[in-house]
1. Can you run the Rg to Rh ratio on the chain? Use alpha carbon positions and the Kirkwood inverse-distance Rh.
2. Could you please report the charge total around residue 117, scoring K, R as +1 and D, E as -1 over all other residues with beta-carbon less than 10 angstrom from its beta-carbon?
3. Determine the gain in length on full extension of the stretch residue 152-residue 356; use 0.36 nm per residue of separation and subtract their C-alpha separation, reporting nm with one decimal.
4. Tell me which GluC sites (Glu not before Pro) from region 37-141 have a DSSP coil assignment and no more than 12 other beta carbons within 10 Å of their own.
5. Starting from the Cα gyration tensor of region 6-120, take the square roots of the eigenvalues, sort them a ≥ b ≥ c, and report rounded, prolate or oblate (rounded when a/c is under 1.5, otherwise prolate if a/b is larger than b/c, else oblate).
6. Distance between Cα centroids, region 118-171 to region 214-230: provide it in whole Å.
7. Report the local net charge at residue 230: Lys and Arg +1, Asp and Glu -1, summed over other residues whose C-beta lies under 15 Å from its C-beta.
8. Using per-residue counts of other Cβ atoms within 10 Å, averaged over each peptide, order 85-98, 332-345, 120-133 from highest down.
Amino acid sequence: MIDADDRLRASRDATAEAAADLRTRALAVDADPTNMAPHLDSPALKMMRLYTTPAEYRDEELTVLPDHTGTGTCLERVVGTVELARGDCGLVLAMPGPALAGVVVEVLGSEAQKERFYRKLAGGRTWTFFAMTEPLRGNDATAITTRLERVAPGEYRMHGNKRYIGSGARGGIGVVFARTGPSPLSIRAVLVEVPAEGFRAERLPMVGLRGAYLSELWFDGMPVTDDMLLGQHLPPTRRGIWGAMQTFNNMRIQVAALAVGTSLAIHDLVSELRPNAPGIARQGARLEAARHLVYDMAAQVDHDAEQTYFPSAAKLSAVPLGLQTARWAASVMGPAGMFEHPLLEKWCRDVRAFEFMEGTTNIQRLHVSQGYLKGRSDG
């Protein structure tokens, strides 16, 4: 089990304080995710944006954690994500900032591309998007059909369709995965700034996690130049598909942290409203165990960022527990509980979304079983 050192405690305490602000804004963003203007100057959103931005690209000082100079270890990010999701996971995903695209840019981008990406985000009014998932193909990176057609040396046209892309219809810059040929090594990550010729986006209707602003994107001959291709300075084996796998490993742990944080929020509210509810102590113990499991898995990712076993084990454990927590809350609060307590109803909707983020349960089981058979489960 991971014991929190002083740095982790400071991160946890700072994000726990910010979570209270997120909770006060949760229902407003759920009701109208298009109206983020009243929330963009929130101290909590500002702290999250600065925390996930490398120190050299920040437009102001991170006062709550002044010694935090980078984007942190996976464990540090997970500790913070659990606490922030305990405030509201929808607000966490509604935040303008680097998000998943930032992970890819950090892994694959040149110094010039990093500068371009982070300077675009200065001021906290620009969202990013990470476009991998396609209709009928999910987020299987090797099966994508979005393509880059070469029209001249160093010039391409991008054609294709992406779906279920967070902040896709409001993002100003993002990473789009496309292929130049049939092999896995032909998959490339493209740094895209919008609006752009041949680019179109539309927000999708959502039941839960409305702050994520899931969208569908279309590319109809969008111009792409060599300087938009991430990883040009890297060997072919360390470009697009490798960067995607690094991002998925990171994000699966983050999804597990979001699920644990949302489950803790549900438990917190039930504890406040019905402190003697049946099973409340047992449910709390399960959630604390899940929290420490996710911490342990994050520490393993810091040890080996290319390992898929541990992120999948974290998500495979946390997501079903989130669903079970929502069912428990509905049962102990009674038939009218969801109507009388809108935050509880919202979180019970939100928690169902995690199953479909970064690979469903069946995919995680495959990763876990393959890792176990290869002897990777010992850490």
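Just so you know, all these numbers are worked out from the coordinates, no wet-lab data involved. Note that this is a predicted model, so its numbers are computed, not measured. FYI the Cβ positions are ideal-geometry reconstructions off the backbone, even for glycines, and counts take in every protein chain you see.
1. Here Rg/Rh amounts to 0.96.
2. +1
3. That works out to 69.5 nm of additional length.
4. Those satisfying the criteria are 60, 61.
5. Note, shape of region 6-120 comes out oblate.
6. One Cα centre to the other: 6 Å.
7. Result for the local shell: +1.
8. Those peptides, ordered most packed to least, come out 85-98, 120-133, 332-345.
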